[in-house]
């Protein structure tokens with residue numbers, strides 16, 4: 001494993017994907033929406049086992065629709081982050097009228 005900050009070997013990405021898939025499938029089976037899944041929230045131990053951290057804004061879905069935007073803006077698709085910025089500008093400009 002990495003002893004100091006730097007780039008991990010490319011093979012780690014493939015290994016992480018294979019090891020992460022069962023967890024994501026399990027969350028899907030339980031209707032759990034991970035709303036802030038990013039590399040910083042994946043912990044890898046010395047044996048290569050993955051742990052998922054930071055479930056702070058996760059949500060168990062029932063029948064309701066999710067309409068809000070949340071998560072780390074740097075990891076959002078460009079069109080989502082642009083929409084988010086426009087909404088914030090409108091809200092700041094219009095105040096409570098929006």
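Taken together, the values in this text are just the output of simple stated rules run on the coordinates, not laboratory data. Since we're looking at a predicted model, the values are computed, not measured. Cβ placement follows ideal geometry from the backbone for every residue including glycine, while neighbour counts extend to all protein chains displayed.
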- request: Please label the shape of the range 34-90 as rounded, prolate or oblate, based on the square roots a ≥ b ≥ c of the eigenvalues of the alpha-carbon gyration tensor (a/c under 1.5 means rounded; beyond that, a/b larger than b/c means prolate, else oblate).
  value: oblate
message: I'd like the orientation of helix 10-29 relative to the chain: the angle between its Cα long axis and the longest Cα principal axis, in ° from 0 to 90, rounded to 10.
response: 60
- prompt: Mean separation of Cα pairs under 8 Å and 6+ residues apart, divided by the residue count of the chain: what relative contact order is that in percent?
  reply: 22
For 38, 62, order by how many other beta-carbon atoms lie within 10 Å, fewest first: 62, 38
message: Tell me the mean residue ellipticity at 222 nm calculated for the chain from its helices only (DSSP H runs of n ≥ 4, each -39500 (n - 2.57), averaged over every residue, nearest 500).
response: -13000 deg cm²/dmol
Read-out Kirkwood radius over Cα pairs in Å, derived from the coordinates shown; its label in [x] 15.0; [y] 17.7; [z] 16.3: [z]
- request: With label points built 7 Å along Cα→Cβ from the Cα atoms of residue 54 and residue 75, find their separation and express it in nm.
  value: 0.6
